[in-house]
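Asks: Shown below is the structure under consideration.
The values are calculated or read from the model by the stated rules, or taken from the named source; none is laboratory data. A quick note: this is a predicted structure, and the numbers were derived from the prediction, not measured. Quick reminder, even Gly has a Cβ in these numbers, built from the backbone with ideal geometry, and neighbours come from all protein chains shown.
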Amino acid sequence: PKITYIEYDGEEHVVEASEGSTVMQTAVDNGVPGIDGDCGGFCSCATCHVYVEPAWIDKVGPPNDDEAAMLDYAGNIRDNSRLGCQITITEELDGLVVRTPESQH
Ligand code: FES
């Protein structure tokens, strides 16, 4: 599945993701700036905060409980905020677009 990451300044990175990976891991594996994944995907650092493009919100779904609690620490959260390590890549998400917060750059 293809995932597009857009930096706060509009620079786009389109990468081919593996099913079963996550939005965070895919960014780290491909050197996409703005997503660090410091905790390794354990929902405890919030350095993988992304904004899901509104058109994709329904497919991606809302944050889980642990994630919502962690997002409270992230700052600059919006209605479409998710943690990239908590979004698992599936074929259904082919074409997904997420934006990275300016504070992570
Ligand atoms: Fe740490 Fe997502 S990688 S919360």
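Asks: Select from the stretch 73-84 the residues that are part of a helix (DSSP H, G or I) and either in contact (Cβ under 8 Å) with a residue 60 or more places away in the chain or more than 12 Å from the ligand (Cβ to nearest atom) (or both) and list them in ascending order. Don't jump to the end; show me each part of the working.
Replies: Of the stretch 73-84, the ones part of a helix (DSSP H, G or I) are 73-74, 84.
The one that is part of a helix (DSSP H, G or I) and either in contact (Cβ under 8 Å) with a residue 60 or more places away in the chain or more than 12 Å from the ligand (Cβ to nearest atom) (or both): G84.
Asks: Every residue in the stretch 57-67 that is under 13 Å from the mean Cα position of the chain (by Cα) and either farther than 17 Å from I3 by Cβ or of a type in the set (V, I, T) (or both), please.
Replies: Residues of the stretch 57-67 under 13 Å from the mean Cα position of the chain (by Cα): 57, 60-63, 67.
Of everything in the stretch 57-67, those that are under 13 Å from the mean Cα position of the chain (by Cα) and either farther than 17 Å from I3 by Cβ or of a type in the set (V, I, T) (or both) turn out to be I57, V60, P62, P63, E67.
Asks: Within the stretch 25-54, track down each residue that is over 11 Å from T100 (Cα atoms), aliphatic (A, V, I, L, M) and touching a residue at least 12 places away in the same chain (Cβ under 8 Å).
Replies: A46
Asks: Of T47, T26, which residue is assigned to a helix (DSSP H, G or I) and of a type outside the set (G, A, S)? Break it down stepwise before answering.
Replies: On the way: T47 fails: assigned to a helix (DSSP H, G or I).
Of T47, T26, the one residue that is assigned to a helix (DSSP H, G or I) and of a type outside the set (G, A, S) is T26.
For (1) at pLDDT below 95; (2) under 21 Å from P1 (Cβ atoms); (3) in contact with a Leu (Cβ under 6 Å, 6 or more places away or on another chain); (4) more than 13 Å from the ligand (Cβ to nearest atom), each residue gets a yes or a no:
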| site | (1), (2), (3), (4) |
| --- | --- |
| A17 | no, yes, no, yes |
| V23 | no, yes, no, no |
| V28 | no, yes, no, no |
| P33 | no, yes, no, yes |
| T47 | no, no, no, no |
| A55 | no, yes, no, yes |
| A69 | no, no, no, no |
| Q86 | no, yes, no, no |
| R99 | no, yes, no, yes |
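Asks: Go through the stretch 50-67 and give me each residue that's of a type outside the set (V, I, T) and assigned to a helix (DSSP H, G or I).
Replies: Initial filter on the stretch 50-67 (of a type outside the set (V, I, T)): 51, 53-56, 58-59, 61-67.
P54, A55, W56, D58, K59, D65, D66, E67, listed by residue number.
Asks: Go through (1) in a strand (DSSP E or B); (2) touching a residue at least 60 places away in the same chain (Cβ under 8 Å); (3) touching a Ser or Thr at 6+ places or on another chain (Cβ under 6 Å) and name the single condition V14 misses.
Replies: So V14 meets the others, but not (2).
Asks: Within the stretch 80-99, is there a residue that is among the small types (G, A, S) and surrounded by 15 or more Cβ atoms within 10 Å (Cβ to Cβ)? Please lay out each step first, then the result.
Replies: Going residue by residue through the stretch 80-99, those that are among the small types (G, A, S) are 81, 84, 95.
Pick out the ones that are also surrounded by 15 or more Cβ atoms within 10 Å (Cβ to Cβ) and you get 81, 84.
Yes, the stretch 80-99 contains at least one residue that is among the small types (G, A, S) and surrounded by 15 or more Cβ atoms within 10 Å (Cβ to Cβ).
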